[in-house]
1. Which of the helices in the chain, when you take each full DSSP H run, stretch at least 27 Å along the axis at their Cα atoms and have an average Kyte-Doolittle score of 1.0 or higher?
2. Within 10 Å of each residue's Cβ, count the other Cβ atoms and sort 60, 146 from fewest upward.
3. Would you compute, from DSSP H runs of 4+ residues alone, the mean residue ellipticity of the chain at 222 nm, taking -39500 (n - 2.57) per run and dividing by the full residue count, rounded to the nearest 500?
4. Which whole number of Å³ per residue matches the convex hull of the alpha-carbon atoms in the chain?
5. Residue farthest toward the positive end of the dipole of the range 1-144, with Cβ of Lys/Arg at +1 and Asp/Glu at -1: which of 56, 109, 27?
6. Mean separation of Cα pairs under 8 Å and 6+ residues apart, divided by the residue count of the chain: what relative contact order is that in percent?
7. Between residue 128 and residue 5, with labels modelled 7 Å along Cα→Cβ, what's the label distance in nm to one decimal, could you check?
8. Provide 129, 10, 78 in ascending order of the number of other Cβ atoms located within 10 Å of each residue's Cβ, fewest first.
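Each reported figure results from applying straightforward, stated rules to the coordinates on display, with no laboratory input. All values reported here derive from a predicted model rather than from experimental measurement. Note that each Cβ is placed from the backbone with ideal geometry, even for glycine, and that neighbours are counted across all protein chains shown.
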Amino acid sequence: MDLQSPWEDELFSIRASSVTSLGDLWNWMKDDPHPPLYQTLLYFWFQLLQPTVFVGRLLSAISGLLVPLAFYVFAPVELKGRIKVSVSALLSLSTGLIYYSQELRSYSLLVLFCTIQLAFVLRLVYEKEKIPKLCFSLLGISLLASYTHFFGFIWSASIF
């Protein structure tokens with residue numbers, strides 16, 4: 001994952017998230033136009049491991065690997081097994097997802113949250129008796145998507 005050299009935004013993410021305290025991270029982020037969730041997660045990820053390009057990209061790769069699994073797990077039971085497996089297979093073969101899962105940016109985490117949102121919307125269609133619980137879950141995952149990237153806010157607004 002570190003065959004390509006990091007580009008400017010990735011270097012910013014590494015530098016901002018490898019600071020010594022959360023206060024320093026927030027000082028770095030105050031002028032950044034992006035929502036803070038990914039940088040904050042990356043900060044804690046770097047506290048666990050070390051602030052390198054490979055380790056940073058590993059967080060994105062794990063997020064990307066979870067996308068097909070998340071759809072399969074969170075999609076409604078009423079969807080036939082073949083449909084869930086087919087959609088999960090298509091997600092795992094998506095060249096865009098594969099590409100962005102190798103970048104030290106918030107894109108694969110955003111796709112993970114949006115995939116879970118889509119699965120919850122499908123559950124709302126199929127599981128009418130669980131609507132209040134699903135609405136709270138959908139709201140929670142929508143907030144996570146919105147705090148990950150601005151497109152997450154747009155996607156979430158389109159759902160509601």
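1. The answer, listed by residue number, is 53-74, 107-126.
2. Fewest to most other Cβ atoms nearby, the residues stand as 146, 60.
3. Value at 222 nm, helices only: -23500 deg cm²/dmol.
4. Given the Cα convex hull of the chain, per-residue volume reads 117 Å³.
5. It is 109, whose Cα lies furthest towards the positive end.
6. Result for the chain is 25 percent.
7. 6.1
8. 129, 78, 10
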